[in-house]
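Below you'll find the structure, written out as structure tokens, and then a few comments.
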Amino acid sequence: MDYDVIIIGAGMSGLAAGIRLAYFGQRVCILEKHYAFGGLNSYYRLDGRDYDVGLHAVTNFVGPGVRDTPLPKLLRQLRLSRDDFDLQPQRYSEIRFPGVSLRFTNDLNDLIADVAEKFPGEADHFRRLCTFIRDYDDTVLLPPYRSTRETLKGFLHEPMLVEMLLCPIMYYGSAEEHDMDLLQFVIIFKSLFCEGFARPRDGVRKIIKALVRKYRSCGGELRMQSSVARLDVADDRVKSVIIDGGESLIASTVLSSAGYVETMRFCADAPPIPTQDVGRVSFVETIAVLDALPQRLGHEAAIVFFNDSETFTYAMPECPVDMRSGVVCCPSNYEGHDDMPEGFLRMTWLANSDAWMEADEGTYRQYKDDYLTAFKAQARRYVPTIDDHFITSDMFTPRTIHRYTSRINGAVYGSPRKRRDGRTHLKNLFLCGTDQGYLGIIGALLSGITIANMHVLAEE
């Protein structure tokens, strides 16, 4: 069967692109290699419980009445309502470094006030930085690279404040080690601090089900457990998409959310891939189930970004897990979540993907046991009585990420070099999602919409 557009991957960006295209009458087919939707932001069921994968919070949250920001824009583009996502705002989150913590809410003024209290000499400097970020044009598709670290040093004189700002922003969106592109920093700063965090009461499944329902209602086709084997290429174009089993599908345009390097591996004529284009940043996350909500055990923050020294290191560690920094997430610490039957506490650390990918089965299991013990030790900082309330846990690793997303190295944020216009070396093959450059759930949805608008609908 022939299509107007084939989309590789039923993650957030693929589903959003599919909705947008199908709504305007395009014959669209989404190919997903697994049985579950969502890609990097999905969910699974284990022993009668639903576990979210990826989602800590939906960023870019704004309340009703605000229009000119990413969330309301994408809802309009996808013809969805706020009720479809059922987002409940956070109470507050924190950045914790030795001897100092910064608290922030969905009101940037709270962070500005806390910076002024904890770093009084930086109050005016931080306000100027916030104004610079607010006015920065983050819609430019192909800007020159600018170092975030060097830019921040031009505004702020206190080194630890620079590190504290980098910690949450890099954890939530940097594919680059040690530093990051200023444009990426600005986009994520706005999404975390100028807008804010929220979460659906039912987790990411609420969002996924709304997207799949909308896509199907627009007439889009979904083919699950349909893995792409290769792309047949001639005359600088994709001529057909070959799926496992040998079936050949034809489309005028192909959008891929699989990642740049991963997509190039489908193409026999792909240009050489520089080593620096291969992502290395991956994570280990432990999810603990408790018999009480964390806020009832004394921990009320939605998310805590922690670092155990004044300097923040963001890179693949030499050991399997770098426990010097991380993210603590409590899904119930949001408005409207107080009556949930069980509590969840999630902790995320930077991981050495080579160690996890290359370990034999016995070593792999030992790593998981060791880091569950380490998780409990660190979790006691936030919930001292966690051992008394611990029911069970699960853990995902770079190997898990690779298995379910095919991301090389289990690299959550893909390639350090983003292709914001979505273009590849082929005239009708475009990227959406992580390697296009918009990250997080809202960013991924916007990425799919943007690429669909730019490379398909604009040509109609």
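The values are calculated or read from the model by the stated rules, or taken from the named source; none is laboratory data. On a predicted model such as this, the values are computed, not experimentally measured, just so you know. Backbone-built Cβ (ideal geometry, glycine too); neighbour counts: all protein chains shown.
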- Among the numbered conditions (1) free of Cβ contacts under 8 Å to residues at least 12 places away in the same chain; (2) within 27 Å of Arg201 (Cβ to Cβ); (3) not polar (S, T, N, Q), tell me where Gly25 comes up short. (2)
- Sort through Ser227, Ser256 and tell me the only one that's closer than 30 Å to Asp269 by Cβ and buried (at least 19 other Cβ atoms within 10 Å of the Cβ). Ser256
- Exactly one condition in (1) assigned to a helix (DSSP H, G or I); (2) touching a helix residue (DSSP H, G or I) at 6+ places or on another chain (Cβ under 6 Å); (3) more than 16 Å from Ala351 (Cβ to Cβ) is not met by Gln436; state its number. (1)
- Those residues of the range 54-89 which are assigned to a strand (DSSP E or B) and surrounded by 22 or more Cβ atoms within 10 Å (Cβ to Cβ) amount to Val58, Leu87
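Scan the range 413-444 for residues that are among the acidic types (Asp, Glu) and more than 18 Å from Val281 (Cβ to Cβ) and report the count.
Selection size over the range 413-444: 1.
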- Taking the range 345-388 and the residues there that are outside any strand (DSSP E or B) and small (Gly, Ala, Ser), the one that is surrounded by the fewest Cβ atoms within 10 Å (Cβ to Cβ) would be Gly362
- Task: Look at the range 421-441 and say how many of its residues are under 20 Å from Leu15 (Cα atoms) and surrounded by 19 or more Cβ atoms within 10 Å (Cβ to Cβ).
- Result: 14
- Query: Which of the residues belonging to the range 302-320 are among the hydrophobic types (A, V, I, L, M, F, W, C), in a strand (DSSP E or B) and more than 20 Å from the chain's Cα centre (by Cα)?
  - Reply: none
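One residue is enough: does the range 289-296 have a residue meeting the conditions outside any loop (DSSP other than H, G, I, E, B), under 20 Å from the mean Cα position of the chain (by Cα) and touching a residue at least 24 places away in the same chain (Cβ under 8 Å)?
no
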- Query: With Ile391, Ile401 as the choices, which residue is surrounded by fewer than 18 Cβ atoms within 10 Å (Cβ to Cβ) and aliphatic (A, V, I, L, M)?
  - Reply: Ile391
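Looking at Thr363, Thr373, Thr405 in this structure, which one is of a type in the set (Val, Ile, Thr) and within 25 Å of Asn41 (Cα to Cα)?
The conditions single out Thr405.
Table: residues versus (1) in contact with an Asp or Glu (Cβ under 6 Å, 6 or more places away or on another chain); (2) closer than 25 Å to Val304 by Cβ; (3) hydrophobic (A, V, I, L, M, F, W, C); (4) crowded, with 17+ Cβ neighbours inside 10 Å.
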{"position": "Phe97", "(1), (2), (3), (4)": "no, yes, yes, yes"}
{"position": "Asp110", "(1), (2), (3), (4)": "no, yes, no, no"}
{"position": "Phe119", "(1), (2), (3), (4)": "yes, yes, yes, yes"}
{"position": "Phe126", "(1), (2), (3), (4)": "no, yes, yes, yes"}
{"position": "Leu129", "(1), (2), (3), (4)": "no, yes, yes, yes"}
{"position": "Phe132", "(1), (2), (3), (4)": "no, no, yes, no"}
{"position": "Glu150", "(1), (2), (3), (4)": "no, no, no, no"}
{"position": "His157", "(1), (2), (3), (4)": "no, no, no, no"}
{"position": "Met160", "(1), (2), (3), (4)": "yes, yes, yes, yes"}
- Filtered residue count, the range 440-460, keeping only those that are touching a helix residue (DSSP H, G or I) at 6+ places or on another chain (Cβ under 7 Å) and in a loop (DSSP other than H, G, I, E, B): 1
- Message: Tell me yes or no: at least one residue of the range 415-424 is more than 16 Å from the chain's Cα centre (by Cα), in the same structural domain as Gly48 (by TED's automatic domain parsing) and hydroxyl-bearing (Ser, Thr, Tyr).
- Response: yes
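For residues in the range 203-219 being touching a residue at least 60 places away in the same chain (Cβ under 8 Å) and over 18 Å from the mean Cα position of the chain (by Cα), which is surrounded by the most Cβ atoms within 10 Å (Cβ to Cβ)?
That would be Tyr215.
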- Item | Filtered residue count, the range 27-53, keeping only those that are aliphatic (A, V, I, L, M), assigned to a strand (DSSP E or B) and buried (at least 21 other Cβ atoms within 10 Å of the Cβ) | 4
- Provide a single number: the residues in the range 161-209 that are farther than 18 Å from Pro416 by Cα, in contact with a strand residue (DSSP E or B) (Cβ under 9 Å, 6 or more places away or on another chain) and part of a helix (DSSP H, G or I). 11
- Task: Of the numbered conditions (1) in contact with a strand residue (DSSP E or B) (Cβ under 9 Å, 6 or more places away or on another chain); (2) outside the structural domain of Phe37 (by TED's automatic domain parsing); (3) modelled with pLDDT of 95 or more, Gly154 fails exactly one; give the number of that condition.
- Result: (1)
- Message: Here is a check on your reading of the model: is Phe430 under 23 Å from Lys33 (Cα atoms), in contact with an Asp or Glu (Cβ under 7 Å, 6 or more places away or on another chain) and of a type in the set (Phe, Trp, Tyr)?
- Response: no
- If we scan the range 184-191, do we find a residue that is charged (D, E, K, R), under 30 Å from Cys130 (Cα atoms) and at pLDDT 95 or above? yes
- Item | Complete set of residues in the range 59-111 that are of a type in the set (Lys, Arg) and under 29 Å from Met454 (Cα atoms) | Arg67, Lys73, Arg76, Arg79, Arg82
